[in-house]
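Enquirer: The structure under discussion is supplied below as C-alpha cells; questions concerning it will follow.
Please treat every number below as a calculation from the coordinates, not as lab data. Keep in mind that this is a model prediction, so the values were computed, not measured. Here Cβ is always computed from backbone atoms with ideal geometry, including for glycine, and neighbour counts include all displayed protein chains.
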Amino acid sequence: MNPHPNHTFLQAKEDLVKHKQALFTQYEKPVLSLQANMVGEHKLSGWSAWVIITFEKLIQSSMKVVYKERIFNELGFISLLVIDDDPSHLKQACIQLEETKTSGRCIDLDVYAKGRNLSRYDLGFDERKCLVCDEMARVCIRTQKHTQKEVIHAYQQCLITSFQSKVDIVHFALLSECMLTPKFGLVTPRSSGIHQDMNIHTFLKSIDAILPYFNEVEFISLDQNTHEIFSQLRLLGQRMENAMFEATQGVNTHKGAIFLFLMVLMAQRMSPSFTSSLIELAQPLLEDFKQMDPHHPQSEGERQFHQYQSQGVRGWVLKGGEPLLSNTLSFYASQPDSHDHQVNTLLNIMSQCEDSTIIKKRGWEGLLDFQAHAQAAMNHPESWFDFEQYCLDHHFSAGGSADIFALVLYLHYSKERNLL
Amino acid sequence: MNITQTTQAGTLESNDILVTLKPNPEGTIEIHLQSVVLKQFGKQIKAIILSTLQNHGITSCLCECEDKGALDHVIIARVESAIQRQL
Ligand SMILES: [Zn+2]
C-alpha cells in the first residue's frame, strides 16, 4: 500500500490525540485545545494566530490554567491548555464563547477528557454552523457546497469584523509577520532561520509584552508641539524596549517594529492621511544625524550613514515611508489575501528596502544583490526554497523588511476596518 | 483475508474518523457507523468503507466507525491504515 499523500497530516492528528491523552493522565484534568478552523493547505497565518491568541487570553483571564503549550506542525497552530475545571462545565463555557464572540465561529475549542472530546451534541447544543450560509458546517464541507476561496473570504471577513481597536489590528499585523513561512532567513514557526538565540516562541512572548503599550499612544496630548510629542513617544518606546528585552531575555525581536508602529500610530492621530504628519513628527530625528560624529559612530546605523549615506529606518520615516509604502500597499491590495500573496508582498518589500540588517552583513553591494534575488523570487514560488538557501548562506535576515511588512498589513486592514 | 485482531486508526478530532477493525465470528463484513452526518450521508460513508475493505481483499470483519465529519479521502486513508496495522 502506498502511503497516503496526507500521511504526515493524518499521523500528526493521531499524535496530537496521544499527547492530549498523556496530558490528561498526568494532570487528571480536562485538556482544552484551541485550533483555528481555517480551510486550505496553509494553516499557519496571522489569521489563525490572532484568533487563537485572543481566545487564549479570554480563557486565561477567566479560568484556572495549570499547563500551557503551543504547538506548530502540519495541523497548523495548536494551543493546549490544561484547565482545573469539570469537563462538562468547561465545555459549556467554551460553547458559550464560540457562540457569543464575533470571532467564535473561526475557532474550535475542544475539551478532551477520559479518552475523547466532549461533543456539543451530548450537552444538548446544535452542531456548528457554516460561516458562509448558516447550514450545518459539516454538511457544506462534505458536499463542497462553497469554493475554498469563498470560505476563506468569509473567514477573513468574520475576523476583520471582530477587530475592535487599532491595537487589535497591530496585534494581527505583528502575528501575520511572525507566522509567515517561508521568510528567507527570518524566524518562522517552522525554522529559526539564521538565528540561534531566538525562535517563534521568543517572538510571540515579545508581542505579548509590547502590545498593551500601543494603547498609550491614544493618551499623548495633541495640544503640544511635535517635538514634545516626539519625546513622549521616545519615552514610551524605551519602556516598550525594556518590556521586550525582559520578555525575550535580552534578544532584540521588535525594536524596529516598535519604532515604526509608534510613529505611524501617532502620525495617524495627527492626521488620518498620515504621510505629512509622519514627516513632521520625524523632524527631531534630523538632529540625531547632525549630532553624529563621523569618526566615532555610536551605532551600526551611524556607521552606515557615514559609509553609504544610508539613513536607515530613520531616514525612511523622514520621507514618510515613501515611495515604498504606497507601492507595497497597492501591491498588497491588488489581490485577495492568501499565503502566497503575503510572501510576494514581503519579497516586494525586500526588493526595494534599504534594509540596514543586510547592509551590516555585506555592505551596499550585498544589499543590491539581495534586492535583485528578492525581485527574481517574487511571483515564483518554485524559487522560494533557493532564495531561502541564498539567505541562509549569506547570513541574511531582513528584519527591516519584515517590520515594514507588518506595517503594510496594519495600514491595509485599519483602512478596511475603518478604524483610522 | 480475514481480520484476526483488533486494530484502530484515526481520531475523534474534527474532520476525522476513528476506525476500529475486529474479527467477526459470523465470517461477513459488518459495518457499524456513528456519524454527525449519519442522516445525510450515512449510506454514502458506509459504501466508501465497504469498498475500501473489499479492495484490500477483506472478506470478514467487524468495522466500527465513529465519524466526526471526515471527507472521503480521509475515510479511505483511515480504513487502510487500520488494515495495515493488522500486519
Ligand atoms: Zn454553507
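Enquirer: Cα-Cα over 20 Å: which of A:Lys13/A:Lys64; A:Lys68/A:Lys101; A:Lys91/A:Lys149; A:Lys114/B:Lys68; A:Lys149/A:Lys183; A:Lys29/A:Lys129?
Expert: Details: A:Lys13/A:Lys64 26 Å; A:Lys68/A:Lys101 22 Å; A:Lys91/A:Lys149 31 Å; A:Lys114/B:Lys68 18 Å; A:Lys149/A:Lys183 24 Å; A:Lys29/A:Lys129 29 Å.
Checking Cα-Cα distances, A:Lys13/A:Lys64; A:Lys68/A:Lys101; A:Lys91/A:Lys149; A:Lys149/A:Lys183; A:Lys29/A:Lys129 exceed 20 Å.
Enquirer: Hey, with R₀ at 56 Å, roughly what FRET efficiency would B:Gln86 and A:Glu241 work out to, going by the Cβ-Cβ distance, to 0.05? Walk me through the intermediate numbers first.
Expert: Numbers: r = 60 Å, r/R0 = 1.07.
It comes out at approximately 0.40.
Enquirer: While we're here: Find the percent of Cα-Cα distances in chain A that exceed 36 Å, and round it to a whole number. It would help to have the intermediate numbers written out before the result.
Expert: Details: 26075 of 87990 pairs.
Tail of the P(r) past 36 Å holds 30 percent of the pairs.
Enquirer: Still on this model: In straight Cα distance, which aspartates and glutamates are under 17 Å from A:Lys43, not counting same-chain residues fewer than 8 positions off?
Expert: A:Glu74, A:Asp108, A:Glu150, A:Glu177, A:Asp337, A:Asp340, B:Glu13, B:Asp16
Enquirer: State the antiparallel share, in %, of DSSP beta bridges confined to the range B:2-87, rounding to the nearest 5. Each step should come with its number before you reach the end.
Expert: Numbers: 9 of 17 bridges.
In the range B:2-87, approximately 55 percent of DSSP beta bridges are antiparallel ones.
Enquirer: Further, regarding this structure: Once the Cβ-Cβ distance between A:Glu416 and A:Ser88 is put in as r, and R0 is 51 Å, what FRET efficiency do you end up with, to the nearest 0.05? Mind showing how you got there, number by number?
Expert: Working: r = 40 Å, r/R0 = 0.78.
Once the sixth-power term is evaluated, E becomes 0.80.
Enquirer: A further question on this structure: Lone cysteines in chain A, going by a 4.7 Å Cβ-Cβ cut-off?
Expert: Isolated Cys, chain A: A:Cys94, A:Cys106, A:Cys133, A:Cys158, A:Cys178, A:Cys353, A:Cys391.
Enquirer: Go through the range A:302-369 and name the chymotrypsin sites (Phe, Trp or Tyr not before Pro) that are in a DSSP coil and have 14 or fewer other Cβ atoms within 10 Å of their Cβ. Provide the component values of the computation, followed by the final result.
Expert: Values: sites: A:Phe305, A:Tyr308, A:Trp316, A:Phe331, A:Tyr332, A:Trp364; in loops: none.
Here no loop site has a sparse enough neighbourhood.
Enquirer: Any idea what the relative contact order of the range B:7-86 is, in percent, if you count C-alpha pairs under 8 Å spaced at least 6 apart? Intermediate values should be presented prior to the final figure.
Expert: Working: 147 pairs, mean separation 38.3, N = 80.
In percent, rounded to a whole number, it is 48.
Enquirer: Given an 8 Å cut-off on Cα distances and at least 6 residues of separation, report the relative contact order of the range A:5-154 as a percent. Write out the running numbers ahead of the final one.
Expert: Values: 199 pairs, mean separation 38.8, N = 150.
Computed over the range A:5-154, the figure is 26 percent.
Enquirer: First select every other residue whose beta carbon is under 11 angstrom from the beta carbon of B:Leu53; then total the charges, Lys and Arg +1, Asp and Glu -1.
Expert: -1
Enquirer: Then there is this: In degrees from 0 to 90, rounded to the nearest 10, what is the angle of the helix A:384-393 Cα long axis to the longest principal axis of chain A?
Expert: 60 degrees
Enquirer: Report the local net charge at A:Glu218: Lys and Arg +1, Asp and Glu -1, summed over other residues whose C-beta lies under 10 Å from its C-beta. Let's see the in-between values first.
Expert: Numbers: positive: A:Lys166, A:Arg269; negative: A:Glu216.
Net of charged neighbours comes to +1.
Enquirer: I would also like to ask the following. For the Cα atoms of chain A, what angle does the longest principal axis make with the long axis of helix A:255-270, in degrees from 0 to 90, nearest 10?
Expert: 80 degrees
Enquirer: Check the straight Cα-Cα distances from A:Lys145 and name the aspartates and glutamates below 16 Å, setting aside those fewer than 8 residues away within the same chain.
Expert: A:Asp134, A:Glu135, B:Asp72
Enquirer: Looking at the range A:76-174, which GluC sites (Glu not before Pro) are DSSP coil and have at most 16 other C-beta atoms within 10 Å of their C-beta? Working shown, then result.
Expert: Values: sites: A:Glu98, A:Glu99, A:Glu127, A:Glu135, A:Glu150; in loops: A:Glu127, A:Glu135.
Of the GluC sites (Glu not before Pro), the ones in loops of the range A:76-174 whose Cβ has at most 16 other Cβ atoms within 10 Å are A:Glu127, A:Glu135.
Enquirer: Could you check the spin-label model distance between A:Cys133 and B:Gln40? Points 7 Å from the Cα along Cα→Cβ, value in nm.
Expert: Here the modelled spin labels are 0.9 nm apart.
Enquirer: Grab the beta carbon distance between A:Thr275 and A:Gln307, set R0 = 22 Å, and tell me the FRET efficiency rounded to 0.05. Mind dumping the intermediate values first?
Expert: Working: r = 29 Å, r/R0 = 1.30.
Computed FRET efficiency for A:Thr275 and A:Gln307: 0.15.
Enquirer: Considering the dipole of the range A:163-416 built from charges on the beta carbon (Lys and Arg +1, Asp and Glu -1) around the Cα centre, which of A:Ser414, A:Leu281, A:Cys391 is farthest to its positive end?
Expert: Of the options given, the answer is A:Leu281.
Enquirer: On to the next question. What net charge do the residues around A:Glu135 carry, taking every other residue with its C-beta under 14 Å from that of A:Glu135, with Lys and Arg at +1 and Asp and Glu at -1? Write down the numbers at each step before the final one.
Expert: Details: positive: A:Arg105, A:Arg128, A:Lys129, A:Arg138, A:Arg142, A:Lys145, B:Lys39; negative: A:Asp126, A:Glu127, A:Asp134, A:Glu150.
Net of charged neighbours comes to +3.
Enquirer: Explain nothing, just the number: dipole magnitude of the protein assembly as shown about its Cα centre with +1 on each Lys and Arg Cβ and -1 on each Asp and Glu Cβ, in debye rounded to the nearest 20.
Expert: Details: 45 positive and 58 negative charges, 172 e Å.
Its charge dipole is roughly 820 debye.
Enquirer: As a check on your grasp of the helix formula, calculate [θ] at 222 nm for chain A: sum -39500 (n - 2.57) over DSSP H runs of n ≥ 4, divide by the residue count, round to the nearest 500. Don't skip to the end; give the middle numbers.
Expert: On the way: 18 runs with 242 residues, N = 420.
Mean residue ellipticity, 222 nm, calculated: -18500 deg cm²/dmol.
Enquirer: For the range A:177-210 and the range A:43-75, what is the separation of their C-alpha centers, rounded to whole Å?
Expert: The two parts, judged by their Cα centres, are 16 Å apart.
Enquirer: Just grab the label-to-label distance for A:Phe219 and A:Asp340, each label 7 Å out from Cα along the Cβ direction, in nm (one decimal).
Expert: Spacing of the two 7 Å Cα→Cβ label points: 4.7 nm.
Enquirer: Then there is this: Counting pairs of alpha carbon atoms under 8 Å apart in space and at least six apart in sequence, what relative contact order in percent does chain A give? The partial results should precede the final answer.
Expert: Working: 563 pairs, mean separation 60.9, N = 420.
This gives 15 percent for chain A.
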